[in-house]
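First comes the structure, then the notes that go with it.
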């Protein structure tokens, strides 16, 4: 674990992976007859070149922070929660119910309630696979991914059968009332006189930042966090130390599901303002890549989430501006995920060897890390 | 630093081209795909016809998912597209909130009414066109059973089914009409496999003419009909050419005209907002007759269609519109 200095682990390897992914994407873009540099310029400019771009980038990033943190905490307990998609869908249901059922006078009251609603629904959806894993040994990868399908089917059923506005044709709920709408970055910044484009970026971005900090605090500054990490490193050792596997599995997965569910306050409450069918937009799966790339550290997750947000937004711009087809944008995003997630070892091992060779040289006065 | 410079230059260039592109019309292709051989493709054809005739250019983008409707619509409006044409009822609630934010931009929505001062809503009298193809189906059927495959189960599609059933029953009161819907979500617009399965199941129940009103799913329906050797009726675009010999006709819904007219009138600067109903009279809906189905359409059929069409236009014959009271006298769902 200590073969690499911390900065190399957190920053250098992801940067190299990203560069490799971009080079391969560039080659693919060239093959379909487009200028890769122009494409890159459009993507970068579209993602961070204007307040409009930043607004959308950070809006998507907010989604990915929540789902990325959800995957990250499960990773620390060596649980591979790939059910973020389903947990976020259930979270969206919780948020929508809270927002629609009660006539909120002001968003400051609606937001905490929606946070509770989203978190409880998301956690509940994660609880069943967690319990099965802890007591029955049903593999969490299998159960969580199957729960994604159940969540999607459940949502469709509810939208079509009960939540749909009578007489409307589209399977979606009514718009949330005025009191349950979150102020956007445009509204907030207008108060202090900063002009900002109309984007869906809203106050839940701050909630996401708070969640990063809170998760860091939990993992590295509390006893529970230590137990989670100890359990993740070695289950027998943790058991020997008196840590209950059932308890840690359940708690880690409940927090994970709750974080995934929180995504809905950004997507459903902050942007769509109504419950629609595929509101999660694959963010649950992107969260896995974000957690991998961020090395399951809240700061890393935040940075990786912003990167993926930029990729999403830049990709959308690319599709608008050029003849690059939408599928191509997905290919570029997939390449980034492939290089940062799956092919991580390809860069890591040679780099570890390199660092080891440098460190072998005896340096007087430098303590071994 | 040089890289940064490159980006800023690129930004300036994009900004310039965006300025130059002002007031081009924009078209947002809906879920189901541009080449669904039906609804979306009809809109695309209309836009292409406008390009060919006027040499103008327009902006086009294809919707990737339900959740990106709003971003796509805003992006189109912010890039200066005018009018922005959106396709399908699913855009209604998004357009309700987007349109007031861009009072200078006109929007056109097909298949749904959005009550905003800068929105033109184009709706079609699908029940009338469906009545005519129902009439033809009943006349062509030998088994006395005809069938309908819908896409997503929404009032709009029931309107098709209801018109179709009324047309069929007008030929013979005892004719049986089977109706199936592919699904309850937008995925039902693009599921040709399930469309084919439903058709086979209807054939096993005795149907020998099937009418598909299901977007991209319809391709599977028409294919299954061709494979099993029964007659099929296409929808939205003229689909007669797809399977010559088994395509009885197509209930053409001139989405292409709606798009073409919107583009054209925007160029002339006289786009009228408000509701526009396109029916049999102005060829907004019609029965497709061409060389591909000439052998299948008998003279009696043609005469009956012409007669019914004239009666509907004159008001002598009234076809019940499902969406007017959410019920159908000729068919139960």
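If I model a spin label as a point 7 Å beyond the Cα along the Cα-Cβ vector, how far apart are those points for residue B:290 and residue B:277 in nm?
2.9
What length, rounded to one decimal in nm, is gained on full extension from residue A:165 through to residue A:327, with 0.36 nm per residue of separation minus their alpha-carbon distance?
Extra length available between residue A:165 and residue A:327 comes to 55.0 nm.
Using a cut-off of under 16 Å, list every residue of the stretch B:135-166 whose amide N is near the label point 7 Å from the Cα of residue B:205 along the Cα-to-beta-carbon line.
Those under the cut-off are B:143-151, B:153, B:158, B:161-162, B:164-166.
When the Debye formula is applied to the Cα atoms of the stretch A:1-141, each taken as the same point scatterer, what base-10 log of I(q)/I(0) results at q = 0.19 Å⁻¹?
With no solvent term, the Cα-only Debye profile gives -1.14.
Please give the length that would be gained between residue B:23 and residue B:173 if that part of the chain were fully extended, namely 0.36 nm times their separation in residues minus their C-alpha to C-alpha distance (nm, one decimal).
Working: separation 150, 0.36 × 150 = 54.00 nm, distance 5.36 nm.
Here the answer is 48.6 nm.
Bin by bin, in steps of 20 Å, what percent of the Cα pairs in the protein assembly as shown do you find, going until the bin that has the longest distance?
Histogram of Cα-Cα distances, whole percents per bin: 17, 44, 30, 8, 1, 0.
Please give, to one decimal in nm, the separation of the simple spin-label points placed at residue B:326 and residue B:51, each 7 Å out from Cα toward the Cβ.
Output for this residue pair reads 4.2 nm.
Working from Cα positions, state the angle (0 to 90°, nearest 10) between the long axis of helix B:69-78 and the longest principal axis of chain B.
That helix lies at roughly 50 degrees to the long axis.
Rounded to the nearest 500, what is the protein assembly as shown's calculated 222 nm mean residue ellipticity when only DSSP H runs of at least 4 contribute -39500 (n - 2.57) each, over all residues?
On the way: 26 runs with 388 residues, N = 702.
Mean residue ellipticity, 222 nm, calculated: -18000 deg cm²/dmol.
Taking chain A as a Gaussian network, where each spring joins two C-alpha atoms under 10 Å apart, which residue of A:193, A:53, A:118 fluctuates the most?
Result: A:193 has the largest fluctuation of those listed.
Sort all Cα-Cα distances of the stretch A:114-254 into consecutive 10 angstrom bins from zero, then give the percent of pairs in each bin up to the one containing the longest distance.
Calculated over all Cα pairs of the stretch A:114-254, the distribution is 10, 23, 29, 22, 13, 3, 0 percent.
Using the alpha-carbon centroid of each, what span in Å lies between the stretch A:227-306 and the stretch B:212-282?
Each part's Cα centre sits 47 Å from the other's.
For chain B, find the longest principal axis of its Cα atoms and tell me its angle to the long axis of helix B:126-140, 0 to 90°, nearest 10.
30
Taking Cα centroids, how far is the stretch B:139-171 from the stretch A:78-135 in Å?
About 43 Å separates the Cα centre of the stretch B:139-171 from the one of the stretch A:78-135.
Using a Förster distance of 30 angstrom, determine the FRET efficiency expected from the C-beta separation of residue A:31 and residue A:343, and round it to 0.05.
Values: r = 20 Å, r/R0 = 0.68.
Efficiency for this residue pair is about 0.90.
Before anything else, pin down the relative contact order of the stretch B:12-171: Cα pairs under 8 Å, at least 6 apart, normalised by residue count, whole percent. Intermediate values should be presented prior to the final figure.
On the way: 243 pairs, mean separation 28.4, N = 160.
Relative contact order here is 18 percent.
Return one number: the angle in degrees, 0 to 90 and rounded to the nearest 10, between the long axis of the Cα atoms of helix B:218-228 and the longest principal axis of the Cα atoms of chain B.
Relative to chain B, helix B:218-228 is tipped by roughly 30 degrees.
What percent does the relative contact order of the stretch A:28-145 come to when contacts are Cα pairs within less than 8 Å and at least six residues apart? Mind showing how you got there, number by number?
Details: 89 pairs, mean separation 25.1, N = 118.
Relative CO of the stretch A:28-145 lands at 21 percent.
Starting from the Kirkwood radius over alpha-carbon pairs of the stretch A:61-309, derive D by Stokes-Einstein at 10 °C in a medium of 1.306 mPa s and give it in µm² s⁻¹. Can you show the working numbers first?
Numbers: Rh = 18.1 Å.
Once the numbers are plugged in, D ends up at 88 µm²/s.
So what is the relative contact order for chain A, in percent, with contacts set as C-alpha pairs under 8 Å and at least six apart? Write down the numbers at each step before the final one.
Working: 641 pairs, mean separation 128.2, N = 369.
Relative CO of chain A lands at 35 percent.
FRET efficiency for residue B:267 and residue B:104, Cβ-Cβ distance as r, R0 = 22 Å, nearest 0.05?
Values: r = 16 Å, r/R0 = 0.75.
It comes to 0.85.
Can you give the FRET efficiency to the nearest 0.05 for residue A:241 and residue A:220, using r as the Cβ-Cβ distance and R₀ = 25 Å?
Details: r = 18 Å, r/R0 = 0.72.
Efficiency computed from Cβ-Cβ geometry: 0.90.
Over the stretch A:67-190, what lengths in whole Å, largest first, do the semi-axes of the equivalent ellipsoid take, defined as the square roots of 5 times the eigenvalues of the alpha-carbon gyration tensor?
Numbers: eigenvalues 178, 75, 26 Å².
In descending order the semi-axes read 30, 19, 11 Å.
So if the hydrodynamic radius of the stretch A:242-369 is defined as the Kirkwood radius over C-alpha pairs, what does Stokes-Einstein give as its diffusion coefficient at 20 °C and 1.002 mPa s, in µm² per second?
On the way: Rh = 18.1 Å.
Once the numbers are plugged in, D ends up at 118 µm²/s.
Please provide three numbers in whole Å: the alpha-carbon extents of the stretch B:241-290 along the principal axes, with the largest listed first.
Sorted from largest, the Cα extents of the stretch B:241-290 read 44, 19, 13 Å.
Quickly work out the residue A:138-to-residue A:153 label distance, labels modelled 7 Å from Cα along the C-beta direction, and quote it in nm with one decimal.
Output for this residue pair reads 1.4 nm.
Taking the convex hull of the alpha carbon atoms in chain B, what volume per residue do you get, in Å³? Show your work: numbers first, answer last.
On the way: hull volume 49.2 nm³, N = 333.
Dividing the Cα hull volume of chain B by its residues yields 148 Å³.
For the stretch B:249-333, what is one quarter of the convex hull surface built on the Cα atoms, given in nm²?
Details: hull surface 33.1 nm².
Projected over every direction and averaged, the Cα hull of the stretch B:249-333 covers 8.3 nm².
Bear in mind these aren't lab numbers, they're just calculated from the coordinates by the rules spelled out. Quantities reported herein were computed from a predicted structural model and do not represent experimental measurements. FYI the Cβ positions are ideal-geometry reconstructions off the backbone, even for glycines, and counts take in every protein chain you see.
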